[in-house]
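First the structure, in the form of structure tokens, and then the observations on it.
Since every read-out is calculated from the coordinates, none of them should be taken as a lab result. What you see is a predicted model, and the numbers here were worked out from it, not measured in a lab. Cβ coordinates were reconstructed from backbone atoms using ideal geometry, including for glycine residues, and neighbour counts include every protein chain displayed.
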Amino acid sequence: MAGVQPAFTHSKRPPVPGGRFDSVGPGTLRSMNDIYVDPSAAGMPDAANHLAHLLDTGHRLVLVGDCPTAVIDALPGAEALDAMPKTVTPGSWYLGADPEMCAERSLGLRTLLVGPRVAPSPRPGPRCDAEARDVASAVLEILGREVMG
């Protein structure tokens, strides 16, 4: 029929080399964020189950340091590093339960403190970019911020 627009159109943008899953449309790839997970967050209850959602949505999940073996075994798609790299892809996240990890971040890395909030103190401490009460909330925080831009 003349003048009828197709219900779906395909993007003319070329896929990003090394890109991962993206829900923009068929044939379209966009790099998703890298998520680095500290052992303090990886060792929390049900962490592997919740972190698996990040792998399912095409994120690169990197377990940093001495993470529990059970978590490593439960996340076969995750990578493992002995320490944080000196440079990271802008927009990457670092999840941890230690507030001091927020002070040691590199350029382009967003930090997410998982667990109870730090008690107020007259001495200013390091600030994290976001806070979540548990790993499930942390995963939702990351996914929500990506959707909302």
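Note on Val147 and Glu104: the extension gain reaches 12.8 nm, defined as 0.36 nm multiplied by sequence separation minus the Cα-Cα distance. Annotation note: trypsin sites (Lys or Arg not before Pro) in the stretch 45-106 located in DSSP loop regions with a Cβ neighbour count of at most 13 within 10 Å are Lys86. Assign one of three labels to the stretch 67-133, namely rounded, prolate or oblate, based on the Cα gyration tensor with a ≥ b ≥ c the square roots of its eigenvalues; rounded applies when a/c is under 1.5, prolate when it is not and a/b is larger than b/c, and oblate otherwise. Note, shape of the stretch 67-133 comes out oblate.
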